[in-house]
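Asks: Sharing a structure, written as structure tokens. Questions coming.
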Amino acid sequence: MVVLAASIISKTGKVLVSRQFVDMTRIRIEGLLAAFPKLVGTGKQHTYVETENVRYVYQPVETLYLLLVTNKQSNILEDLETLRLLSKLVPEYAYSLDEEGICKTAFELIFAFDEVISLGHKENVTVAQVKQYCEMESHEEKLHKMVLQSKINETKDVMKRKASEIDKSKIEKGRVDKGGFMSLQSMGSGRIESSFSDMSISDGGSGGFGSSSGFGLSTDIESFSSKSKGRPPSSATAPPKGLGMQLGKSQKTNQFLESLKAEGEVILEDVQPKAGQSRSAALPLTDPITLTVEEKLNVMLKRDGGVSNFDLQGTLLLQILNQDDGHIQVQIETGGNPGILFKTHPNMNKELFSNENILGLKDPNRPFPTGQTGDAAGVGLLKWRMQSTDESIVPLTINCWPSVSGNDTYVSIEYEASSMFDLRSVVISVPLPALRDAPNVRQIDGEWRYDSRNSILEWSILLIDHSNRSGSMEFVVPAADSSVFFPISVQFSATNTFSDLKVLNIIPLKGGAPPKYAQRTQLITENYQVV
């Protein structure tokens with residue numbers, strides 16, 4: 001048995017990771033891998049394809065192929081055993097079984113492949129042994145990291161002491177510069193010294209004097225804290241006189257703008273985000289439990305009609321804010337689409353889901369992860385996939401008819417939307433030949449925009465529902481070949497999905513009333529083209 005190369009490629013033939021175990025030129029391995037998608041069949045889990053010189057032994061892994069290229073004299077049983085071991089290793093190192101996850105962990109996968117295959121021959125190892133060999137723990141490295149971390153901590157302590165000394169010196173200088181502030185400081189100095197470490201000063205430290213005098217003790221102390229942490233000083237750190245001048249300046253500016261508006265001028269004001277607005281945008285979800293149903297479409301339509309590729313991938317994500325709500329189970333209902341294959345997370349109880357449509361952990365005493373410290377989207381509970389070549393299930397079809405007449409090309413484009421979905425924020429992007437001026441749009445259902453930098457005409461429809469299931473656009477450009485107007489890219493979203501998955505109930509495992517929850521559902525396009 002001689003394994004020439006172990007590779008991971010996409011179903012379109014894009015090479016993500018490839019490790020050669022014998023002397024081989026780059027042109028030869030690229031040629032072998034480029035020829036594989038044309039030879040592969042469908043509907044098999046463990047298959048092989050033979051050519052005149054080599055044998056391809058492969059296994060589908062989600063949207064990818066795990067592939068071994070061997071010579072024809074190799075033992076196919078040993079090849080399949082090697083392939084099975086590699087298929088167990090890939091999920092151990094890849095964050096996700098897609099192009100992004102494989103590319104991020106390419107070197108880790110190559111190291112693992114090297115432990116399994118040596119000079120084209122399989123080593124007698126297990127998954128646990130490969131992981132142990134690849135960890136390569138070093139006592140010297142740990143010692144170096146500990147020394148480095150101690151230096152960092154020591155530097156931080158020195159920085160905090162220096163910042164505290166600088167802030168105290170500024171407070172002392174403020175006492176001398178402002179007599180009124182000195183009297184206020186003498187009234188609340190004990191509170192300042194006792195609470196300076198955490199910079200939390202209550203309004204009571206200034207007595208009845210602080211709020212009416214305009215000095216704002218709490219504001220000044222907050223500004224000192226922000227300086228000590230290395231942040232740029234804000235407007236609140238300016239002296240009280242500066243605050244008064246800024247207020248007066250803003251009033252004059254507003255009066256000037258108002259006078260311009262009275263004369264009929266259109267004023268575009270730059271609205272600066274307020275601190276309260278920025279904090280509200282960063283706040284976590286208000287619902288104790290949020291379940292998100294998301295489906296992504298990868299569709300490739302033929303320009304002459306028909307579907308070249310239809311791939312739907314969906315996920316159900318769970319996000320819990322409070323740790324007390326972590327011991328739950330989720331009861332769901334699916335639309336019964338026979339073309340959709342569901343797959344639960346490895347930590348989920350598969351029998352419970354298959355029998356009762358309830359998603360719960362294998363260990364009921366273990367809570368679900370909570371908070372937003374990890375993935376902002378939540379924890380994946382369930383995923384599903386649907387592939388088809390049936391054009392009737394496609395949400396949106398595009399027909400493009402370019403025709404040359406004299407020195408001009410007349411292009412007519414029409415869309416037809418399925419009655420199953422109401423599509424939102426639809427954008428149809430048509431590539432154009434290089435133009436000096438924008439194309440002459442003669443008729444359109446919706447709005448259009450010309451991107452001169454990328455030479456793309458964007459056709460936008462805000463909403464496609466029962467009132468406009470079909471629409472058209474016609475424009476004229478100088479004479480060009482019909483292939484210039486392809487591929488056409490489409491983007492849209494919808495609030496209903498192919499799976500029609502719904503959350504029926506949240507079951508608390510520790511008793512009590514079911515917690516409140518919210519469900520979010522969306523269908524989006526990841527790659528939707530007419531080629």
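Asks: Consider only pairs whose beta carbons are under 9 Å apart and that are at least six residues apart or on different chains; among these, list those whose first residue lies in region 358-383 and is under 12 Å from Leu318 (Cα atoms) and modelled with pLDDT under 85 and whose second residue is of a type in the set (Asp, Glu) and open to solvent by 50 Å² or more (accessible area, probe 1.4 Å).
Replies: So the pair list comes out as Thr370/Asp324.
Asks: Something else now. Return the pair list, or none, for Cβ contacts closer than 9 Å from residues in region 12-32 that are assigned by the TED database to the domain that holds Leu66 and closer than 18 Å to Lys122 by Cβ to residues that are assigned to a loop (DSSP other than H, G, I, E, B) and open to solvent by less than 50 Å² (accessible area, probe 1.4 Å), at least 6 apart or on different chains.
Replies: From residues that are assigned by the TED database to the domain that holds Leu66 and closer than 18 Å to Lys122 by Cβ, the pairs are Phe21/Val2; Phe21/Gly120; Val22/Val2; Val22/Gly120.
Asks: While we're on this one: Given the conditions (1) more than 30 Å from Ala479 (Cα to Cα); (2) in contact (Cβ under 8 Å) with a residue 40 or more places away in the chain; (3) surrounded by 12 or more Cβ atoms within 10 Å (Cβ to Cβ), and given that Thr389 satisfies all but one, which numbered condition is not satisfied?
Replies: Condition (3) is where Thr389 drops out.
Asks: From the set of residues in region 291-319 that are part of a loop (DSSP other than H, G, I, E, B) and in contact (Cβ under 8 Å) with a residue 12 or more places away in the chain, which is farthest from Val430 (Cα to Cα)?
Replies: Per the criteria, the residue is Gly306.
Asks: When you check Leu32 against the structure, is it more than 32 Å from the chain's Cα centre (by Cα), within 22 Å of Leu109 (Cβ to Cβ) and surrounded by 15 or more Cβ atoms within 10 Å (Cβ to Cβ), yes or no?
Replies: Yes.
Asks: Shifting gears a bit: Out of the residues in region 1-22 that are modelled with pLDDT of 85 or more and not aliphatic (A, V, I, L, M), which is surrounded by the most Cβ atoms within 10 Å (Cβ to Cβ)?
Replies: Among them, the one singled out is Ser7.
Asks: So which of Ser354, Ser308 is open to solvent by 70 Å² or more (accessible area, probe 1.4 Å) and hydroxyl-bearing (Ser, Thr, Tyr)?
Replies: Just a single option satisfies the conditions, and that option is Ser354.
Asks: So if I check each of Thr409, Thr389, which one is touching a strand residue (DSSP E or B) at 6+ places or on another chain (Cβ under 6 Å), among the β-branched types (Val, Ile, Thr) and closer than 19 Å to Leu297 by Cα?
Replies: Thr389
Asks: Report every pair of residues separated by at least 6 positions or lying on different chains whose Cβ atoms are under 9 Å apart, first residue within region 458-472 and closer than 17 Å to Gln491 by Cβ, second open to solvent by 40 Å² or more (accessible area, probe 1.4 Å) and aliphatic (A, V, I, L, M).
Replies: Final answer for the pair search is Trp459/Ile444; Gly471/Ile444.
The values are calculated or read from the model by the stated rules, or taken from the named source; none is laboratory data. Nothing here was measured: the structure is a model prediction, and the numbers come from that model. Ideal geometry is used to build each Cβ from the backbone, glycine not excepted, and the neighbour counts take in all protein chains shown. To get the accessible areas, we keep the full protein, side chains included, count just its heavy atoms, and leave off ligands, DNA and RNA. Shrake-Rupley method; radii C 1.70, N 1.55, O 1.52, S 1.80 Å.
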